[in-house]
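Structure record follows, encoded as structure tokens.
The values are calculated or read from the model by the stated rules, or taken from the named source; none is laboratory data. This one's a predicted model, so the numbers in the text were calculated from it and none came from an experiment. With ideal geometry, Cβ positions are generated from the backbone for all residues, glycine too; neighbour counts draw on all protein chains shown.
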């Protein structure tokens, strides 16, 4: 992991590359010291070579590889690649005819450019390997999340509590038991199916949250939940059960208060979602300590899924916990 983070660091990667390049250049000058070269000539030679290399690196990696090759625009990639070689031949012929005295330096620069474009394949392979490593890591984490969700939702303790509640309802309000069983089975079914998918429809996820809250309000009649949404959520997809940890913690710790409440606000702007949840609790410190692991797991899941996000916790009011989760660039297809 440390190696990967070092590689992703822009300055570390570029400084290392150019230090290596400079070392090779100086070694070449030392090995070729029989040639009579002035310091000014060496400086200009080094400047021209580094400038040519940097320009070629940008053109090759940023334009050719990232914008065309990685986006599977193969025709455009080979078109520009062929255009480069046409320009290469034309410039070489013209330079040889008009600036024969500098032909040695010019050949060094062109030789370096040639090696860089040959190295495009190596760069592409490197990106492919890194992407596959991330993809494998993502699948592993999703599998772990699926297993965790299944254990949490299908463990005997959860089902025992649910059945006990239904048993009590059967004695007190038997006419409502059938509806509550349907609601409970619907919640379990959605969680099982959702954990098998990479993304779920945002409207379905919100609908599940509402049903989940409704189920807990059946169990605790004094639980007050206020929910407000604004914006259009249609046709957008999100990680499954991404809000569950926040919802569960809010309901769990607010239930310890005499008058429990949970306020939820959904705000959607283009591809930007702001989810805000607030609840009361007995002790802010213990609440934060208890929810720390869940929040860390949520962060890790968002990071490995390449979801741009921001989590903000408001601790200004004692006995009140408020959290804001912002998500950017939501998928428009599953």
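Of the residues making up the range 234-244, at least one is in contact with a strand residue (DSSP E or B) (Cβ under 6 Å, 6 or more places away or on another chain), within 18 Å of residue 201 (Cα to Cα) and in contact (Cβ under 8 Å) with a residue 24 or more places away in the chain. So which residues in the range 218-232 are touching a helix residue (DSSP H, G or I) at 6+ places or on another chain (Cβ under 9 Å) and modelled with pLDDT of 85 or more? Correct list: 223, 224, 225, 227, 229.
Among the residues that make up the range 283-292, is at least one of them at pLDDT 85 or above, farther than 25 Å from residue 188 by Cα and assigned by TED's automatic domain parsing to the domain that holds residue 202? Give the steps one after another, and end with the answer.
Applying the first criterion (at pLDDT 85 or above) to the range 283-292 yields none.
Checking the range 283-292: not a single residue is at pLDDT 85 or above, farther than 25 Å from residue 188 by Cα and assigned by TED's automatic domain parsing to the domain that holds residue 202.
In the range 214-231, of all residues being touching a residue at least 12 places away in the same chain (Cβ under 8 Å) and part of a loop (DSSP other than H, G, I, E, B), the one that is surrounded by the most Cβ atoms within 10 Å (Cβ to Cβ) corresponds to 223. Assess whether residue 262 counts as being closer than 23 Å to residue 282 by Cβ, touching a helix residue (DSSP H, G or I) at 6+ places or on another chain (Cβ under 6 Å) and modelled with pLDDT of 85 or more. Answer is yes for this residue.
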